[in-house]
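These notes concern the structure reproduced below.
No lab work stands behind these numbers, since they all come straight from the coordinates. Small disclaimer: the values here were computed from a predicted structure and weren't measured. Note that we place each Cβ from the backbone using ideal geometry, even for glycine, and neighbour counts take in every protein chain shown.
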Amino acid sequence: MATTADTFQAHQEHGRAHHDADHKPGFFARWFMSTNHKDIGTLYLIFAITAGIVGGAISGIMRAELAAPGIQYLGWWVQLMGGEANFDANLHMWNVLITAHGLIMVFFMVMPAMIGGFGNWFVPLMIGAPDMAFPRMNNISFWLTVAGFTSLMLSTFVPGGTGQGAGIGWTAYAPLSTSGSTGPAVDFAIFSLHLAGAGSILGAINFITTIFNMRAPGMTLHKMPLFVWSMLVTAFLLLLALPVLAAAITMLITDRNFGTTFFDAGGGGDPILYQHLFWFFGHPEVYIMILPGFGMVSQIVATFSRKPVFGYLGMAYAMVAIGVVGFVVWAHHMYTVGLDVNTKMYFTAATMVIAVPTGVKIFSWIATMWGGSIEFKSPMVWAIGMIFLFTVGGVTGVYLANGGIDDVVHDTYFVVAHFHYVLSMGAVFSLFAAFYYWFPKMSGRMHSELLSHLHFWVFFVGVNLIFFPMHFLGLQGMPRRYPDYTPAYTEFNHLATVGYMIMAASMAIFFVNVLYALLAGKKAPDNPWGPGATTLEWTLSSPPPYHQFETLPVIEDNKAAHDREHGRPSHA
Amino acid sequence: MSTAIFDFTRTRIGRMLAAVALVLALAIAVGPLAARQVVAPAPVAAQTGPASANEVATAAARTTPGARPAQAELAEGSTGAAAAGSAAYTPMKPTPGIGMPVDGRLDVQQQFSPTGRYAQKFHVALVWVMVVISVVVLALLLFVMIRFRAKANPVPSRTTHNVGLEVAWTIIPALVLAAIAFPSISLLSQQYRSPPKDAVTIKATGYQWYWGYSYPDNGDFEVISNMLPEGEATRRGEPEHLGVDNRMVVPAGVPIRLQATAADVIHAFAVPSLWFKIDAVPGRLNERLLEIERPGVYYGQCSELCGARHGYMPIVVEALPMAQWRAWVRAQGGTFKDEAAPAAAPSVAPTQDPESAVPNAPGAGAPPVAPATPTPAAS
């Protein structure tokens with residue numbers, strides 16, 4: 001009955017014994033042809049931060065434009081991108097910005113950081129494996145993602161219909177993305193998703209194989225750290241959802257270029273078919289973005305409460321439940337397309353069911369802290385922030401689940417507020433929590449606790465100021481994807497723009513903190529977080545040796561550990 | 001094991017969490033009741049109407065939904081068709097704050113349809129559920145952060161399980177959700193009621209980037225609706241960015257069969273103060289019952305990304321008393337199946353120009369192609 005599985009009693013000698021395996025290849029071979037999971041993880045993190053800067057800067061342009069009614073800056077951006085500013089081109093630029101912001105943040109920031117970055121770094125370390133199962137495939141996963149990002153960036157420099165770039169929204173609904181947008185920009189954007197999607201599918205195969213086959217002796221599935229569980233569920237979601245996206249956008253490509261009419265009613269197709277296919281991928285995708293965050297928060301809350309996770313099995317299977325149910329709720333993104341009433345009732349009920357396993361996770365995190373000895377180190381404050389803000393995003397999700405209620409807020413800023421609370425706060429707060437948690441392990445340097453806390457508080461105020469007023473804008477009816485609005489929406493839009501400036505300032509603190517840590521940070525000990533940090537990565541040096549666990553660590557079950565402590569032979 | 005469910009009551013943690021869960025459940029149960037008192041009184045009593053003269057006719061219309069009020073028929077009969085057409089239509093002035101967004105307002109817009117008012121009550125209850133859950137989670141977090149900080153509790157407990165507690169926090173949220181599901185399903189069935197046979201049919205067509213409103217049962221004339229250029233809306237006493245040159249004019253107090261479709265890409269017909277939103281999809285005809293309880297002007301905007309001027313194709317619904325609406329239809333050259341066609345063409349009636357007032361203004365899209373008149377051959 002050893003199910004308190006986040007705690008391991010690994011033989012200490014295994015961790016440190018293999019510094020002789022620390023031979024590193026030269027610069028080009030190491031960073032461009034890498035097969036090392038830690039190096040690829042680092043590449044993914046650098047890539048995600050770079051993409052995050054681009055996507056964040058785009059949201060800055062958007063918030064500047066929305067600070068007041070009227071069109072202020074869009075013409076300037078059109079000219080900067082080499083286009084000719086006129087009314088329609090300016091408005092098209094807006095659509096390009098929202099499209100790029102969405103695609104970058106989803107495919108090139110959150111996913112690479114969570115799965116490619118922290119997943120690559122810590123899944124092998126936490127299960128006691130020397131590397132990922134397919135190191136070369138790992139490499140091509142990364143470079144496909146980079147190629148995808150490049151294709152998306154290229155799309156902004158070629159014609160896309162009314163102006164330069166793809167102005168189709170991240171959802172790329174047909175027929176706006178087919179007959180509605182001439183020029184190669186949309187093809188570039190779609191191809192970018194093909195590339196990033198292929199990279200993610202290969203990555204998912206890699207994670208599933210690694211987790212099923214390369215766990216250290218004694219580490220049963222029910223003893224895996226919850227972060228590994230979250231990556232396992234995420235990998236399955238990727239594997240099942242992304243091929244559907246690939247099919248849908250391939251049909252877009254053929255509709256655009258080869259005369260097919262999958263999504264054209266004039267040829268016997270249906271625009272709504274695209275939406276069903278897209279959201280069959282798109283809804284699991286939102287869980288792909290948040291499940292690894294659940295795993296990270298579980299590790300961090302347990303570490304800094306100095307307690308094992310409360311209800312480990314419930315936590316693991318809640319994630320499995322979220323993953324499974326996540327596949328049968330997609331049409332709640334399509335409540336206004338003209339669904340049948342019974343269909344709408346089903347999707348209302350099914351969507352609300354997801355709140356149950358999500359609630360289990362929230363309550364279990366609080367119960368983990370209950371009775372603990374909580375230290376408010378930087379990862380912990382970010383994790384607690386995530387728990388609260390994700391709850392706020394979660395309850396607005398229950399609100400939106402009601403198909404009848406959705407009629408008034410569908411495609412308004414209320415929805416924008418909701419998904420930024422779960423992603424821009426749920427996912428991003430867990431990313432920052434994970435960053436501060438594992439940065440000492442990855443870099444071997446300690447960051448400044450003071451700057452990390454300052455970053456948290458300024459960021460917390462900033463993002464809430466951006467996104468909370470959006471609930472009110474949405475309830476008053478302000479539609480999404482509008483560059484301009486009636487003066488009655490001015491007050492809260494202005495407030496949101498002020499919030500953006502505060503959030504941007506907090507990011508400056510973050511980058512100063514990272515620079516400080518890399519240049520002048522104290523050397524990190526193997527385990528900077530104390531007795532609560534019980535997973536295998538803390539048994540290694542900081543940073544870990546280039547190749548670790550060449551002799552596999554042995555995970556004892558609790559009974560054996562108990563016997564050893566009491567002087568009895570652990571193996572009969 | 002048979003009493004495992006209640007094991008949690010033996011530990012202090014278990015008792016406290018159970019108490020919190022109980023409070024949560026109670027709060028959720030009581031929240032909607034408390035909310036009921038906060039809800040504004042019925043909208044008819046709540047504010048003054050846009051035009052008091054309209055009230056009488058609407059009240060009559062409301063008492064006999066689906067049938068045209070008798071007084072209105074009488075009034076029309078006495079004036080005669082051509083005269084009714086010419087006397088008919090000046091665009092109604094909107095009432096500030098009614099049927100449009102208000103700056104700084106935190107809630108949904110005031111509702112003017114029966115389903116909208118039901119939905120608004122449900123909405124208020126849901127907001128209370130959201131507030132209570134968020135506050136309870138925040139309170140629990142703050143409590144554990146203070147009570148179990150390292151200084152106050154240097155030795156952590158090793159508790160990792162409590163079956164009863166885990167069952168409780170699975171079952172209680174499920175019950176809360178079930179409680180939400182009932183009114184939710186009821187709202188859906190109300191929204192999906194079929195329009196009666198004699199409902200007024202109006203077809204809204206989304207174009208890049210303007211709306212067309214056609215009246216298939218009244219001679220199938222189409223009104224083209226473009227956004228007013230900057231400044232013009234203010235001159236006409238309408239909210240900037242929301243006013244249009246030609247409105248979708250509908251009868252108040254009777255069921256309307258609203259159909260939506262699109263000519264190019266997907267648009268969405270949305271009016272927040274009527275709790276109404278339906279996608280306009282090319283190749284599809286979406287149909288939904290729309291009832292507007294009283295005359296007035298109700299603003300909305302296109303709500304599905306449709307290209308560059310997505311933000312520049314507002315929707316204005318003007319609900320008129322039945323008599324005035326029939327006059328308006330005649331003024332557009334429309335007909336009624338229950339009436340003989342007018343003896344003479346209503347040349348005295350001002351027919352609305354289907355194009356935008358200012359051709360190259362923002363929002364002035366190309367009007368639909370008129371049937372080509374044969375040009376005389378040059379040979």
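Can you pull the semi-axes for region A:474-546, root of five times each eigenvalue of the Cα gyration tensor, sorted largest first, whole Å?
Calculated on Cα positions only, the semi-axes equal 46, 17, 11 Å.
Arrange the peptides B:178-187, A:271-280 so that the one whose residues have, on average, the most other Cβ atoms within 10 Å appears first.
By packing density, highest mean first, the sequence is A:271-280, B:178-187.
Under 5 Å between amide hydrogens, which residues at least 5 positions from A:Arg306 or on another chain qualify, with H placed 1.01 Å from N in the peptide plane?
HN-HN under 5 Å from A:Arg306: A:Ser373.
Rounded to the nearest 20 debye, what is the charge dipole size of region B:137-280 about its Cα centre when +1 sits on each Lys and Arg Cβ and -1 on each Asp and Glu Cβ?
1100 debye
Mind checking A:257-265 for the average number of partner chain beta-carbons within 10 Å of each residue's beta-carbon?
Working: counts 0, 0, 0, 0, 0, 0, 2, 2, 6.
The per-residue average across the peptide is 1.
Once phi is turned into θ = phi - 60°, what whole-Hz ³J(HN,Hα) does the Karplus curve with 6.51, -1.76 and 1.60 give for every residue of region A:474-484, x standing for Gly and Pro?
Listing the rounded values in order: x, 5, 7, x, 5, x, 5, 6, 10, x, 8 Hz.
List every residue whose amide H lies under 5 Å from the amide H of B:Val249, counting only residues 5 or more places away in sequence or on a different chain, with H placed 1.01 Å from N in the peptide plane.
Distant-sequence amide H within range of B:Val249: B:Glu318.
Can you tell me the Rg and Dmax of region A:59-193, counting just the alpha carbons, in angstroms?
Using the Cα atoms of region A:59-193, the pair Rg, Dmax is 18.1, 59 Å.
Computed on alpha carbon atoms, what radius of gyration and Dmax characterise region A:372-452, expressed in Å?
16.5, 53
Using a 10 Å cut-off around each Cβ of peptide A:449-458, what is the average number of partner chain Cβ atoms that fall inside?
The mean count of partner-chain Cβ atoms within 10 Å per residue comes to 0.
Can you give me the C-alpha center-to-center distance between region A:123-161 and region A:180-218, rounded to a whole angstrom?
7 Å
What is the Cα convex hull volume of region B:104-215 when expressed per residue in Å³?
Numbers: hull volume 24.7 nm³, N = 112.
Looking at region B:104-215, the number lands at 221 Å³ per residue.
Using Cα-Cα distances under 8 Å and only pairs 6 or more residues apart, what relative contact order does region A:9-156 have, in percent?
Relative contact order of region A:9-156: 35 percent.
Please give the average number of partner chain Cβ atoms lying within 10 Å of the Cβ of each residue in A:333-343, rounded to a whole number.
The mean count of partner-chain Cβ atoms within 10 Å per residue comes to 4.
Would you work out the Kirkwood radius for region A:215-265? I mean one over the mean of 1/r across all pairs of different Cα atoms, in Å.
13.9 Å is the Kirkwood radius here.
Once the principal axes of the Cα atoms of region A:288-340 are found, what is the range along each, listed largest first in whole angstroms?
52, 17, 13
Of the listed peptides A:254-261, B:200-207, what is their order by residue-averaged count of other C-beta atoms within 10 Å, with the highest listed first?
Descending packing order for the listed peptides: B:200-207, A:254-261.
Give, in whole angstrom and from largest to smallest, the semi-axes √(5λ) of the equivalent ellipsoid of region B:150-202, with λ running over the eigenvalues of the Cα gyration tensor.
52, 13, 6
For region A:338-417, just run the numbers: alpha carbon Rg, then divide by 2.2 N^0.38 Å, N being how many residues it has.
Cα Rg divided by the expected 2.2 N^0.38 Å: 1.42.
Divide, for region A:64-142, the radius of gyration over alpha carbons by 2.2 N^0.38 Å, where N is the residue count.
Here the Cα radius of gyration is 1.75 times the empirical estimate.
Can you give the convex hull volume of the alpha carbon atoms of chain A per residue, in Å³?
It comes to 152 Å³ per residue, whole-number rounded.
So how do A:Glu449, B:Glu240, B:Glu339, A:Glu65 line up by other beta-carbon neighbours within 10 Å, fewest first? Intermediate results must be reported in sequence, preceding the final value.
On the way: A:Glu449 14, B:Glu240 17, B:Glu339 11, A:Glu65 22.
Lowest to highest Cβ neighbour count: B:Glu339, A:Glu449, B:Glu240, A:Glu65.
Applying the Karplus parametrisation 6.51 cos²θ - 1.76 cosθ + 1.60 with θ = phi - 60° to the phi angles of region A:26-31, what ³J(HN,Hα) value in whole Hz is obtained for each residue in order, glycine and proline being reported as x?
x, 4, 5, 4, 6, 9
Could you give the size of the charge dipole of region A:353-495 about its Cα centre, using +1 on the Cβ of each K and R and -1 on the Cβ of each D and E, expressed in debye and rounded to the nearest 20?
Values: 6 positive and 7 negative charges, 103 e Å.
About 500 debye.
How large is the direction-averaged shadow of the alpha-carbon convex hull of region A:38-101, in nm²? Numbers along the way, then the final one.
On the way: hull surface 19.5 nm².
Across all orientations, region A:38-101 yields a mean hull projection of 4.9 nm².
Return the Rg/Rh value of region B:164-322, two decimal places, where both radii are evaluated on C-alpha atoms and Rh is the Kirkwood radius.
Numbers: Rg = 19.0 Å, Rh = 17.2 Å.
That ratio equals 1.10.
Using only the C-alpha atoms of region A:166-316, find the volume of their convex hull and express it per residue in Å³.
123 Å³
Using the number of other C-beta atoms within 10 angstrom as an exposure proxy, rank B:Thr95, A:Thr42 with the fewest first.
Listing B:Thr95, A:Thr42 from fewest to most nearby Cβ atoms yields B:Thr95, A:Thr42.
Which value in deg cm²/dmol, rounded to the nearest 500, describes the helix-derived mean residue ellipticity at 222 nm for chain A, given -39,500 (n - 2.57) per DSSP H run of n ≥ 4 and division by the residue count?
It lands at -21000 deg cm²/dmol.
If the viscosity is 0.890 mPa s and the temperature 25 °C, what translational diffusion coefficient in µm²/s does Stokes-Einstein give for region A:436-484 when Rh comes from Kirkwood over Cα pairs?
178 µm²/s
Using alpha-carbon positions, what is the distance between the centroids of region A:525-546 and region A:448-499, in Å?
38 Å
Average the reciprocal distances over every distinct pair of alpha-carbons in region A:130-177, invert the result, and give the Kirkwood radius in Å.
13.0 Å
Taking H placed 1.01 Å from N in the peptide plane, check which residues at least 5 places from B:Val223 or on another chain put their amide H under 5 Å from its amide H.
The answer is B:Tyr213, B:Ser214.
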